[in-house]
Amino acid sequence: MIQGIISVCCAAIRVHAQIQSRNLTVCVRDEWRKRRNVIFDNERERQKADVGRIEKISVKYIKPSGEEEVNMMMNKDLSTPTDCALHDSEFAMKTGALSLVDGIPWDMHKPLSNDCKLEVLTMQMIKKSSSLNFAFWRTCSLILGATIDSSFKDDIILYLHSFTWPNVRSGSFLCDAIIDVNNWKPTEAELRALSAQFVKFTRQSLPVERLVVKEEIALDMYQENPFKSQQIPNIAKSQEGNVTLYRIGEHIDISRGPMVGHTGIVGKATITAVHKLESEEENRYRFQGIALPSGVFLNHFAYGILEERARQLNKTTWMPQKQFEDTDESANTVVAQIAQN
């Protein structure tokens, strides 16, 4: 009985996807992308306007060196850790990957709401918080989604599906997409092209912007994507009716975060594999990759071992905004260990 219901639901999703695909001939992915950005910008400006009278908060800022504390007066619900780091130095702003606000992992572009103690972390400070590693991998998945979305011609029907929680132990970050191509097996040249596109995003050092919106706004933004539209209500249930969005450039996706401050935090990267999944959704492909933090270097042999591991199918399962704590022991492996050397 249950299996029958699941089959009917999956069939309905496929039919809805086919109907939506006809709309793509009129309004291609680029137009939907622009529409999402307009909604994102309008909602961000509305939220800023709702702040009203500007109030000051006291921020005890700890420099990345840890040698000095500075008291800063910042704007409540407007100023971010990035703003504080910029008051310190341009170097602190550029290398700041994640912050701790009263010990809690905090996005670099998330406004501060109360008096607090703020510490800006670089990717060389993994021992301070394992959340750095998880934020790094989440950001890589976000960039991978932008890479996929920008790498296929508009006549190819494509829907970004999801990316899973950052399972560091798996050896790869990932992003799933529904692509209307049967049994696609990318060539080495195509994988190199995907890697090059990924690196374009990292070299631009794009800020990783964060915005929390209501469920209805998120549904409006992704009305052309039947898979996101199905996921959003479940995500909103776990976040009191809200959905957290992240943007790099013109690419917007859903994640509970946190993520690193900008794409330039990511250094050497390779898209290692694309696997077609055995899934209820037709033509669901899993893109996988490996990356190192900027400024971290490995010899060719050692990096090749990481690449080989990242080619194996990552079997991590997507769950709607699963509330994992970023304290998995595996955070001290792979990229974490490398960053400490």
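Coordinate-derived values only; no laboratory data. Here the structure is a predicted model, which is why all the values come from computation and not from measurement. Here the Cβ is made from the backbone with ideal geometry for all residues, glycine too, and neighbour counts use every protein chain on show.
Quick check: net charge around Leu118, other residues with Cβ under 14 Å of its Cβ, Lys/Arg +1 and Asp/Glu -1? Present the calculation step by step, with values, prior to reporting the outcome.
Details: positive: Lys60, Lys63, Lys76, Lys110, Lys117, Lys128; negative: Glu68, Glu69, Asp83, Asp88, Asp102, Asp107, Asp115, Glu119.
Value of the local net charge: -2.
Taking 0.36 nm per residue of separation and subtracting the Cα-Cα distance, what length does fully extending Lys76 through Asp115 add?
Contour length minus the Cα-Cα distance gives 13.2 nm.
What is the distance, in nm, between label points placed 7 Å from the Cα along the Cα-to-Cβ direction at Val181 and at Lys127?
4.6 nm
So what's Rg/Rh here for segment 116-237, counting alpha carbon atoms and using the Kirkwood radius for Rh?
On the Cα set of segment 116-237, Rg over Rh gives 0.99.
Would you grab the residues whose amide H sits under 5 Å from the one on His262? Only those 5+ places off in sequence or on another chain, please, with H modelled 1.01 Å from N.
Residues meeting the amide H criterion: Val208.
Test of understanding: what is the full-extension gain from Asp155 to Leu277, defined as 0.36 nm times their sequence separation minus their Cα-Cα distance?
Numbers: separation 122, 0.36 × 122 = 43.92 nm, distance 2.26 nm.
Going from the current span to full extension adds 41.7 nm.
Which whole-number percentage describes the relative contact order of segment 232-273, with Cα contacts under 8 Å and a sequence gap of 6 or more? Walk me through the numbers before you get to the answer.
Details: 22 pairs, mean separation 9.3, N = 42.
Here the relative contact order equals 22 percent.
Using C-alpha positions alone, give me the convex hull volume of segment 231-299 per residue in cubic angstrom. Intermediate results must be reported in sequence, preceding the final value.
Details: hull volume 9.9 nm³, N = 69.
Hull volume over Cα atoms, normalised by residue count, gives 143 Å³.
What's the exposure ranking of Trp165, Trp32, Trp106, going from fewest to most Cβ atoms within 10 Å?
Details: Trp165 21, Trp32 17, Trp106 25.
If I rank by nearby Cβ atoms, fewest first, I get Trp32, Trp165, Trp106.
Would you mind checking segment 153-171 for residues with the amide N under 20 Å from a putative spin-label position 7 Å along Cα→C-beta of Gln312?
Of the residues in segment 153-171, 164-171 have backbone N under 20 Å from the label point off Gln312.
Taking the convex hull of the alpha carbon atoms in segment 22-168, what volume per residue do you get, in Å³?
Numbers: hull volume 20.0 nm³, N = 147.
Dividing the Cα hull volume of segment 22-168 by its residues yields 136 Å³.
How much length is gained if the chain between Glu69 and Arg169 is pulled fully straight, taking 0.36 nm per residue apart and subtracting their Cα-Cα distance, in nm to one decimal?
Details: separation 100, 0.36 × 100 = 36.00 nm, distance 3.55 nm.
Difference between extended and current length: 32.4 nm.
Which whole-Hz ³J(HN,Hα) couplings does segment 304-311 yield from phi under the Karplus relation 6.51 cos²θ - 1.76 cosθ + 1.60, θ = phi - 60°, glycine and proline marked x?
Once rounded to whole Hz, the list reads x, 5, 5, 4, 4, 5, 6, 7.
Which entries of Lys94/Lys276; Lys110/Lys237; Lys153/Lys268; Lys56/Lys128; Lys94/Lys128; Lys63/Lys214 show an alpha-carbon separation above 30 angstrom in the structure shown? If you can, show how the numbers build up before the last one.
Values: Lys94/Lys276 37 Å; Lys110/Lys237 22 Å; Lys153/Lys268 26 Å; Lys56/Lys128 28 Å; Lys94/Lys128 19 Å; Lys63/Lys214 35 Å.
Over 30 Å Cα-Cα: Lys94/Lys276; Lys63/Lys214.
For every other residue with a beta carbon closer than 12 angstrom to the beta carbon of Lys214, add +1 if it is Lys or Arg and -1 if Asp or Glu, then tell me the sum. Each step should come with its number before you reach the end.
Working: positive: Arg46; negative: Glu43, Glu215, Glu216, Asp220, Glu240.
Around Lys214, the charge tally is -4.
Treating the Cα atoms of segment 56-122 as identical point scatterers in vacuum, please give the log10 of the normalised Debye intensity I(q)/I(0) at q = 0.17 Å⁻¹, two decimals.
Result of the Debye calculation: -0.46.
Using Cα-Cα distances under 8 Å and only pairs 6 or more residues apart, what relative contact order does segment 56-122 have, in percent?
On the way: 138 pairs, mean separation 26.6, N = 67.
In percent, rounded to a whole number, it is 40.
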